[in-house]
Amino acid sequence: MVLDQSRARHVAIIMDGNGRWAKKRALPRAVGHQRGVEAVRRLVRALEGTGLECLTLYAFSSENWKRPDEEVDDLMNLMRKFIKSDLPEFIANDVKLKIIGDWQSLAPDIVAMLEDALAQTANGKQTLAVALNYGGQHEIARAAAKAAAGGGEVSIDTIAAHLDTADLPPLDLLIRTSGEIRLSNFLLWQAAYAEMLFVDTLWPDFEPAHLLQALDDFARRERRYGGR
Ligand code: FPP
């Protein structure tokens, strides 16, 4: 089989701008996050049509704990509601859930819900990877420690084999919404050769059509991986 190099297999998104979306409308930040979840739902429903093997979303960073307790609670409750309401759809649509980050240290009821959702979607065809309590530097440090604990060589390959994303295809394209141009500790290792796309759209306004356009743009880019 000849692999079509122009087709993206794995896209990741830094979903930014929920707060600004709400502020522009004089609404509470929580409403911005709710609308952010709706944007996630639209995208997951459109996943099949993208042909992607994996979509990775940055839902909660290890730095997001610094936000006010009320906002952290809102985000955790949205996560609970989202898993509960959308799990049957994931199963029906062959979506395989994966979680990256230190998610095992979240609230026990969330961990239990996620474990159940992982088990119930294990046979899905397209992966939705959700980054929860995730930090890229921490992921690399954990992977390096595991590689060292194995007693063998600590190398690019052995670190990569212990990353949370080890079983996912290489990252092709990283998108950030809301006009900010930084990685915010997301997929630092995996982004080494990924294409980047920064769009002004605020996350709650992000539509499947934006992703399809991004995939179309990606297909036209020439990737050289340091060669020429
Ligand atoms: C950035 O907006 C967004 C987040 C910190 C959280 C992203 C979470 C969601 C979209 C909802 C939860 C996701 C799932 C999968 C249930 P911001 O608050 O930093 O916006 P701002 O920069 O405009 O203030």
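Springs join every pair of Cα atoms under 10 Å in this Gaussian network model of the chain, and among 166, 149, 214 the largest mean-square fluctuation is at 149.
Phi angles of the range 55-63 translate, via the Karplus equation with coefficients 6.51, -1.76, 1.60 and θ = phi - 60°, into HN-Hα couplings of 10, 10, 10, 8, 8, 7, 8, 5, 8 Hz per residue; Gly and Pro are given as x.
Please report, in debye to the nearest 20, how large the charge dipole of the chain is about its Cα centre when each Lys and Arg carries +1 at its beta carbon and each Asp and Glu carries -1 there.
Values: 28 positive and 32 negative charges, 103 e Å.
Roughly 500 debye for the chain.
Only Cα pairs within less than 10 Å get springs; with that Gaussian network setup on the chain, which residue of 100, 159, 14 has the largest fluctuation? The residue that fluctuates most here is 159.
Using 0.36 nm per residue and subtracting the Cα-Cα separation, the extra length available between residue 110 and residue 66 on full extension is 13.9 nm.
Projecting the Cα atoms of 105, 28, 186 onto the charge dipole of the chain (Cβ charges, centred on the Cα centre) puts 28 farthest toward the positive pole. Here is the tail figure for the range 41-87: Cα pairs spaced more than 14 Å apart come to 63 percent of all pairs.
Across the alpha-carbon set of the range 47-123, the Rg to Rh ratio works out to 0.98, Rh being the Kirkwood radius. Among 164, 74, 109, the largest mean-square fluctuation in a Gaussian network model of the chain, built with springs joining Cα atoms closer than 10 Å, belongs to 109. Over all distinct Cα-Cα pairs of the chain, the Kirkwood formula returns a hydrodynamic radius of 18.3 Å. Annotated for the chain: lysine pairs at least 8 residues apart or interchain, Cα distance under 27 Å, count 17. For the pair residue 76 and residue 225 in one chain, pulling the backbone fully straight at 0.36 nm per residue adds 49.8 nm over the alpha carbon distance. Rounded to the nearest 5, what % of the DSSP beta bridges within the chain are antiparallel ones? About 0 percent, rounded to the nearest 5.
The reciprocal of the average 1/r between distinct C-alpha atoms defines the Kirkwood hydrodynamic radius, which for the range 97-147 equals 12.0 Å. When each of the peptides 138-147, 218-227 is scored by the mean number of other C-beta atoms lying within 10 Å of its residues, the order from highest to lowest reads 138-147, 218-227.
Taken over the range 130-228, the alpha-carbon convex hull comes to 121 cubic angstrom per residue.
Where a number appears in this text, it was derived from the coordinates with a stated rule and is not lab data. Please read all numbers here as calculations on a predicted model, not as lab measurements. All Cβ positions, even for glycine, are placed from backbone atoms using ideal geometry, and neighbour counts span all protein chains on display.
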